[in-house]
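S.K.: Below are the structure tokens for one structure; questions will follow.
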Amino acid sequence: MTRPPTTEVLQVAYRTMRTIRSFEEALVALVTQGRLGGFLHTYVGQEAIAAAVCAHLGEHDHVASTHRGHGHCIAKGVDVRGMMAELFGRRTGTCGGRGGSMHIADLGKGMLGANGIVGAGIPLATGAALTAKLKRTGGVAVAFFGDGASNQGAFHESLNMAANWSLPAVYVCENNGWGEFTPTAFVVPVKDIAERARAYAMHALIADGMDFFDVYAQAGEAIARARGGAGPSLLECKTYRFLGHYVGDPLVYRAKHEADDWIRHRDPLRLFEARVTREGLLTESNLRAIDVDVAALVADAVARAQDAPFPDAGELLHGVFATSDAEGAR
Amino acid sequence: MTRPPTTEVLQVAYRTMRTIRSFEEALVALVTQGRLGGFLHTYVGQEAIAAAVCAHLGEHDHVASTHRGHGHCIAKGVDVRGMMAELFGRRTGTCGGRGGSMHIADLGKGMLGANGIVGAGIPLATGAALTAKLKRTGGVAVAFFGDGASNQGAFHESLNMAANWSLPAVYVCENNGWGEFTPTAFVVPVKDIAERARAYAMHALIADGMDFFDVYAQAGEAIARARGGAGPSLLECKTYRFLGHYVGDPLVYRAKHEADDWIRHRDPLRLFEARVTREGLLTESNLRAIDVDVAALVADAVARAQDAPFPDAGELLHGVFATSDAEGAR
Amino acid sequence: MSAASLPAGEPRAIPTAFAIAEALRIAMASDPDVILMGEDVAGGGLRPEGTEEIGGIMSVTRGLVGQFPDRVLDTPISEMGILGAAVGAAVTGLRPVIELMFIDFLGTCLDPLLNQASKFRYMFGGKARVPLTVRTVTGAGLQAAAQHSQSLYWMTAGIPGLKTVIPSNAADAKGLLLAAIRCDDPVVFCEPKGILFVASDVPEGDYEVPIGRAKVVRRGSDVSLVGMGATVGMALAAAADLERDGVSAEVLDLRSLAPLDEDAILETLGRTGRLVVVDEATPRCSIASDVAALCVDRGFDLLNAPVRRVTAAMCPVPFTRVLEEAYMPSPARIVEAARALL
Amino acid sequence: MSAASLPAGEPRAIPTAFAIAEALRIAMASDPDVILMGEDVAGGGLRPEGTEEIGGIMSVTRGLVGQFPDRVLDTPISEMGILGAAVGAAVTGLRPVIELMFIDFLGTCLDPLLNQASKFRYMFGGKARVPLTVRTVTGAGLQAAAQHSQSLYWMTAGIPGLKTVIPSNAADAKGLLLAAIRCDDPVVFCEPKGILFVASDVPEGDYEVPIGRAKVVRRGSDVSLVGMGATVGMALAAAADLERDGVSAEVLDLRSLAPLDEDAILETLGRTGRLVVVDEATPRCSIASDVAALCVDRGFDLLNAPVRRVTAAMCPVPFTRVLEEAYMPSPARIVEAARALL
Ligand SMILES: Cc1ncc(C[n+]2csc(CCOP(=O)(O)OP(=O)(O)O)c2C)c(N)n1
Ligand SMILES: Cc1ncc(C[n+]2csc(CCOP(=O)(O)OP(=O)(O)O)c2C)c(N)n1
Ligand SMILES: [Mg+2]
Ligand SMILES: [Mg+2]
């Protein structure tokens, strides 16, 4: 049983969720103004999952993410200014402007990267868990991925390996009801993706992905199991993607009322706020202070990013290889 | 419920099993004598499965096979003389000598090919089932594969697709306890591979793969479901590979008594013979007559194969493309 | 049934994406065995009122599911399963057209192309037919970054038994796609980002552009610029630039990467004696290298100068605009390479 | 820690497979982060009495699990999972060495190499290290047929950010593998069937052969024969043949396919003016094409004759011996190609 979150955990979690929300609201605005390019996928609506899972992780734990990676990066402690600069393609970006939204990584923070290949993060986290086990680091590795990714062969192969080797890994499936423009029910014949754990005799859990407290509890259990040597788990979080698949998505394929219902009644930030204030865990003024902080941080990130220099075209071939003698070599 | 096999079915089945056994015993001898090369994987011990499953199939049904494909080919009606000539690399071989053991295919007989890539036959059968469904041929497609192949991503993706589309497919996993030189239990964390069907809400069955009658009954049910539009099944058959992984395998990795127990007590041909004679379904003389026939057939196949011509080196580039103008084109 | 002889109608300027859609519609209408499969190509079947399918990430298949409800199939995100099933369907009587969203995803589904589709006919003794088409988006230029911007057609072109084509304009896209779908061999049909939303004249009706034939798209006498897909436009722009300096450049559009039209390459080399090949892909093991190697082999006596390859840089595709531009071939780089040969 | 400076012991003639095993043993003994993963590399852990592990299909890893029980890991038949996990392990502190049984299986596990291992460092702004080695068997000649005989190293060599090496003899195999394992970049290490069980002199002890450096293995002045892996032996046999006719052939062993040692190629071309490149792979998008293209680009002024490519045929690998022989390069075909240049 996971202990209930402390006040500090709640403060950090709210800050994380609010930062994700504000960061991405800023992105949508910037794209609309034509100031940002590339393929951007927002995490709005799913914030509670990254915040609650990462609340149990330290810097020596690893996370592998997806194309929808901003939330996981922020929750894992990647610097928001660096992220914004990255999206602007600047030299000061997390990846020096070379990666972009789908490739933000910060290995020093245990963030193995967003990933443009659906399902590809799952084996990466499995490998990080293998390192933790063999080197006895005490670390845990978490793979975040979507419902759609659970249809990839890499999912199957990885969970099987993790179960065989009893790795300290947690597989967090964020089931948001859609894979791009196709409803999950159309391509996944089981009601719960958690059911798939049976194919590997793996521990499975289901959480309400809109409820920070539920995800916190379930993820806590899964991560404690992993850390304690009891092996991997599959944690399914039921959630919803509030915005389009990508920024610019015309959203013609989704009934408007479907999204409206979720947004109105199941917004994870509003649910969180209602509960913490109702239960006296945090005060309204605590929350508003964080909002102010976060707004300032995001504004500052944008301001700095757009003033930062671009990389130099002459550096095109830098960093292909670690062995510098081969740099740019064919 | 599958109706019990008729006398005719039993005769054909015994002939099939005996042909597989004799064909492969001949191969082992030929390799030992240095008369055959290439990578050969024998089906000895697993004959009841191919015979019983294919007893329910007609020429308009399709089968996809594995590296261990001789048994499936023979059971699906591929000409034994052509197969032997193929292994000898002759022009008269099923594939003109170009394919070899791991690539015997006969599309006219509904045999989509042995396959050198573990797991690769599973999507092929899925596609054949899709054709059957869309073209309303009434056909069924069967994928044979090993326990080891159930760890491949292609297995997961294919079963998921088949379940989603309710395809007329049957996935027959021949669990022989080993994948090459590694015990199944070491790489598959579930006791029954049939359990994996749950990940797709798919119908699952388990049969004793050494017992023709049991496989016949279970496969009959699965195939009838598929043909009747009730969707795919996963049928696990528990079996054992009597010989090495490949012809020439030193077998140092397997305890001798393990194989001996199976061979002594669970030989599918002997179990079949005991039951049909005990129950008066076939007579001893029926069986011996078939043995004589089969021995003659195999001997003739070998004799013809070794006298048949090799292809001409000048034909190296023939048959790369169906559009002949591009033959040999770069 | 070849439609090459049918009268093709009047041309209209439409974007390549629309020309592709037209080809799909014609192919499906003229052959009931043609099916489409891919992620979001139908978009979830029966839709709630007021919604529409998006028709694949580039909206190319939009509207097709309405016209051919049983033959446009949404798939799970299971590229290996999809391509493998497509091969199985192709050898059993269907003529599948697969949408592989980006060619970068080849990493998840190479086996059905590498070891199955391309080898069946040969390996089975010349007896199988594998009428499979894989449509896939290629190329950089949209800041789609390292995993959504590659030009991996060299990987498919290098596989014996597989054909790979790449149009440079909307009319060829339509005709090549019709030819690909009707071909009894597996064909990879590349849809370069750089031309997908560019409009050009496309004839109405049913016609095919033959696979395996390059086309001279501009006559010239001083230097040959050999391009493919989006680099043909770059080569034409470079040729226009060169013309201002009095240099006459011929432009050859390969159209088919495998089989390669070797004769057409040698013919243009014979006319000019100088050749620059322009390839959106990275330089190693590339179509560009094959063209150069052909010139120094069968074309040796025709050569008056080195053969230069203008390609992408030998690094992953960078995200930021300034690096992505430096990474890609460009008219300026072509001009520079050509000038150095004169 | 580079071991290049350690004194290497006396050479003994051992098969390449043993030299590879020796390199693995040394690498594991000298660095606790080195792990081995692959199918049957350990063979099922605790064994019943009287049984032994087979140590991978080529028995290369036999005995290693006894010495390093926690670091030799049997995997399921899950190449995508294995390679993907290896990338994850490599960026988090291990130095994995993967056995991909045959390079033909690349079709099931390309993505971790194509889109992950090779791109991480660049895409993450030059900040990741991916010390991953993939050992894999390549080549034809054992009648292993179309799906177990390919020389697909062109596919990995063409990927930016990935290194690909291929030894031609046992001593290089040992030194190149040690260098590959200790390299902080991902390296594909090819083990050609044609040399795996051929014995040659191998020094004892710990030494590295640097990645990216070709080696002249025979001096000559009339024609250069450029080989790699098993074709080096063929080139040497051809050179011996040519010598009987008074033709002096130089033989260059590429050893590293990516990066390619361009200078070494141009140097040998400079010495002879004539070049034949011999590649076990199919001709399209090949290392052979790259070498030819280099010659006609930077080496144009050195060329006295066409550059010929002796490669496998552009078809799947046939099973029957007579066709497999016709398919593969051979000393006779090299001699013929070289003679035609003189
Ligand atoms: C291998 C691969 N196939 C397809 C895509 C295109 N694609 C990007 S996101 C996406 C949908 C993913 O759905 P899901 O896993 O549910 O994640 P979500 O977008 O809902 O967060 C698809 C198909 C891809 N990037 N990689
Ligand atoms: C993709 C792939 N990986 C590995 C191999 C090598 N291999 C051939 S057979 C085999 C074992 C297969 O085990 P299983 O599926 O249980 O079939 P069995 O041999 O027991 O019939 C392996 C690993 C292969 N051919 N293809
Ligand atoms: Mg989703
Ligand atoms: Mg098995």
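S.K.: Taking R0 as 56 Å, what's the FRET efficiency between residue C:213 and residue A:6 from their Cβ-Cβ distance, rounded to 0.05?
M.R.: 0.20
S.K.: Ordered by residue, what ³J(HN,Hα) values in Hz, to whole numbers, does the range C:61-66 give under the Karplus form 6.51 cos²θ - 1.76 cosθ + 1.60, where θ = phi - 60° and Gly and Pro are x?
M.R.: Values per residue, Gly and Pro as x: 9, 4, x, 6, 5, x Hz.
S.K.: Further, regarding this structure: Using only helices, what value at 222 nm comes out for the protein assembly as shown when you add -39,500 (n - 2.57) per DSSP H run of length 4 or more and divide by the total residues, to the nearest 500 deg cm²/dmol? Write down the numbers at each step before the final one.
M.R.: Details: 44 runs with 500 residues, N = 1344.
It lands at -11500 deg cm²/dmol.
S.K.: Considering only DSSP beta bridges whose two residues both sit in the range A:54-206, what percent are antiparallel, to the nearest 5?
M.R.: 25 percent
S.K.: Shifting gears a bit: Pop the C-beta distance of residue B:224 and residue B:263 into the FRET formula with R0 = 25 Å and round what comes out to the nearest 0.05.
M.R.: 0.15
S.K.: Give me log10 I(q)/I(0) at q = 0.14, 0.20 Å⁻¹ for the range C:215-341, Debye formula, one equal scatterer per alpha-carbon, no solvent.
M.R.: Result of the Debye calculation: -0.53, -1.07.
S.K.: Continuing with this model, one more query. Take C:285, D:315 and order them by how many other Cβ atoms sit within 10 Å, fewest up front.
M.R.: In increasing order of surrounding Cβ atoms, one gets D:315, C:285.
S.K.: Given R₀ = 30 Å, what would the calculated FRET efficiency be for residue D:12 paired with residue B:255, taking r from the Cβ atoms and rounding to 0.05?
M.R.: 0.30
S.K.: Among D:75, D:58, D:86, flag the residue with its Cα farthest along the positive direction of the charge dipole of the range D:32-100, charges on Cβ as +1 for Lys/Arg and -1 for Asp/Glu.
M.R.: D:86
S.K.: Taking amide H atoms as placed 1.01 Å from N in the peptide plane, list the residues 5 or more away in sequence, or in a different chain, whose amide H sits under 5 Å from that of residue C:36.
M.R.: C:72, C:73, C:97
S.K.: Under a point-charge model restricted to the Cβ atoms of Lys and Arg (+1) and Asp and Glu (-1), what is the dipole moment magnitude of chain D relative to its Cα centre, in debye to the nearest 20?
M.R.: Charge dipole of chain D: 540 debye, to the nearest 20.
S.K.: If you average 1/r across every pair of different Cα atoms in the range B:146-265 and take the reciprocal, what Kirkwood value do you get, in Å?
M.R.: So the Kirkwood estimate lands at 15.2 Å.
S.K.: Counting only residues 5 or more places away or on other chains, whose amide H sits under 5 Å from the amide H of residue A:203 once H atoms are built in the peptide plane?
M.R.: Placed amide hydrogens put A:234 under 5 Å from residue A:203.
S.K.: For the charge dipole of chain B, defined by +1 on Lys and Arg C-beta atoms and -1 on Asp and Glu C-beta atoms about the Cα centroid, which residue among B:39, B:62, B:197 has the Cα displaced farthest towards the positive pole?
M.R.: The one lying farthest along the dipole's positive direction is B:197.
S.K.: Hey, got the dipole for the range A:7-311? About the Cα centre, +1 on K and R Cβ, -1 on D and E Cβ, debye to the nearest 20?
M.R.: Dipole size: approximately 580 debye.
S.K.: Taking every DSSP beta bridge with both residues inside chain B, roughly what % is antiparallel (nearest 5)?
M.R.: Details: 3 of 25 bridges.
If I count the DSSP bridges inside chain B, around 10 percent turn out antiparallel.
S.K.: Now a separate question. Just to be sure I understand: chains B and A are related by a rotation, so which residue of B has its Cβ closest to that axis, and how close in Å?
M.R.: Axis-proximal residue of B, distance in whole Å: B:153, 1.
S.K.: I've got another one for you. Please identify, among A:201, A:222, A:154, the residue showing maximal mean-square fluctuation in a Gaussian network model of chain A using a 10 angstrom Cα cutoff.
M.R.: In the Gaussian network model the winner is A:201.
S.K.: Oh, and also: Positive end of the dipole of the range A:252-324, charges at C-beta (+1 Lys, Arg; -1 Asp, Glu), about the Cα centre: which of A:321, A:286, A:265 has its Cα farthest in that direction?
M.R.: Result: A:265, furthest along the dipole toward the positive end.
S.K.: So in the protein assembly as shown, what percent of DSSP beta bridges are antiparallel if you round to the nearest 5?
M.R.: Working: 26 of 138 bridges.
Counting only bridges with both partners in the protein assembly as shown, antiparallel ones make up about 20 percent.
S.K.: While we're here: Loop-only trypsin sites (Lys or Arg not before Pro) in the range B:103-145, please: DSSP not H, G, I, E or B, and at most 11 other Cβ atoms within 10 Å.
M.R.: Those satisfying the criteria are B:136.
S.K.: Explain nothing, just compute: Karplus ³J(HN,Hα) = 6.51 cos²θ - 1.76 cosθ + 1.60, θ = phi - 60°, for every residue of the range C:144-157 in order, whole Hz, x for Gly and Pro.
M.R.: These are the phi-based 3J(HN,Hα) values: 7, 6, 4, 10, 9, 9, 7, 10, 7, 4, 4, 5, 7, 5 Hz.
S.K.: Add +1 for every Lys or Arg and -1 for every Asp or Glu among the other residues with Cβ under 12 Å from the Cβ of residue C:85, and state the total.
M.R.: Net local charge, residue C:85 excluded: -1.
S.K.: How big is the range B:1-99 in terms of Cα radius of gyration and Dmax, in angstroms?
M.R.: For the range B:1-99, the Cα radius of gyration and maximum Cα-Cα distance read 14.2, 48 Å.
S.K.: Now for a separate question. Chain C: D in µm²/s via Stokes-Einstein (Kirkwood Rh, Cα pairs, 10 °C, 1.306 mPa s)? List each step's numbers first, then the result.
M.R.: Details: Rh = 20.4 Å.
For the chosen part, D equals 78 µm²/s.
S.K.: For chain C, modelled as a Gaussian network with Cα springs under 10 Å, which listed residue fluctuates most, C:157, C:258, C:237?
M.R.: Maximum among the listed residues: C:237.
S.K.: For each of C:248, D:59, count neighbouring Cβ atoms within 10 Å of the residue's Cβ, then give the residues from fewest to most.
M.R.: Exposure proxy ranking, most exposed first: C:248, D:59.
S.K.: May I have the pair-distance distribution P(r) for the range D:36-142, computed from all Cα-Cα distances with 10 Å bins from 0 and rounded to whole percent?
M.R.: In order of increasing distance, the bins hold 15, 43, 30, 11, 2, 0 percent.
S.K.: For chain A, what is the convex hull volume of its Cα atoms per residue in Å³?
M.R.: 143 Å³
S.K.: A further question follows. Under a cut-off of 18 Å between alpha-carbon atoms, report the aspartates and glutamates in cross-link reach of residue C:127, not counting same-chain residues fewer than 8 places apart.
M.R.: B:59, B:79, B:86, B:106, B:312, B:315, B:325, B:327, C:184, C:185
S.K.: Something else: Straight-line reach from residue D:174: which lysines have Cα under 16 Å away, leaving out those fewer than 8 places along the same chain?
M.R.: D:193, D:215
S.K.: Quick one: how many lysine pairs in the range A:7-311 have C-alpha atoms under 26 angstrom apart, if they're 8 or more apart or on different chains?
M.R.: Close lysine pairs under the 26 Å cut-off: 9.
S.K.: Let me ask something additional. Based on DSSP loop calls and a cut-off of at most 13 other Cβ atoms within 10 Å, the longest stretch of chain A free of exposed GluC sites (Glu not before Pro) is what?
M.R.: Looking at chain A, A:60-278 is the longest stretch - no exposed GluC sites (Glu not before Pro) with at most 13 other Cβ atoms within 10 Å.
S.K.: Pick from D:18, D:105, D:124 the residue whose mean-square fluctuation is largest in a GNM of chain D, springs joining Cα atoms under 10 Å.
M.R.: Between D:18, D:105, D:124, it is D:124 that shows the largest mean-square fluctuation.
S.K.: Here's another thing I want to ask about it. Kindly provide the trypsin sites (Lys or Arg not before Pro) of the range B:187-251 that DSSP labels as loop, not H, G, I, E or B, and whose Cβ sees at most 14 other Cβ atoms within 10 Å.
M.R.: B:191
S.K.: A further question on this structure: Can you compute 3J(HN,Hα) from phi for each residue in the range B:38-55, using the Karplus curve 6.51 cos²θ - 1.76 cosθ + 1.60 with θ = phi - 60°, rounded to whole Hz and x for Gly and Pro?
M.R.: Values per residue, Gly and Pro as x: x, 9, 10, 10, 8, 9, 4, x, 10, 4, 4, 5, 4, 5, 6, 5, 6, 4 Hz.
S.K.: Can you pull a Stokes-Einstein diffusion coefficient for the protein assembly as shown at 4 °C (1.567 mPa s), Rh from Kirkwood over Cα pairs, as a whole number of µm²/s?
M.R.: 41 µm²/s
S.K.: With +1 on each Lys and Arg Cβ and -1 on each Asp and Glu Cβ, how big is the dipole of the range D:215-341 about its Cα centre, in debye rounded to the nearest 20? If you can, show how the numbers build up before the last one.
M.R.: Numbers: 14 positive and 18 negative charges, 35 e Å.
With Lys and Arg at +1 and Asp and Glu at -1, about 160 debye.
S.K.: Here's a follow-up. What is the set of long-range amide H partners of residue D:257 at a cut-off below 5 Å, with H atoms built 1.01 Å from backbone N?
M.R.: Residues meeting the criterion, in which the H sits 1.01 Å from N, are D:164, D:165, D:166.
Every number here is computed from the coordinates shown, using simple stated rules; none is lab data. Note that the structure is a prediction, hence the values are computed from the model and not measured. Glycine gets a Cβ as well: all are built from the backbone with ideal geometry, and neighbour counts include every protein chain shown.
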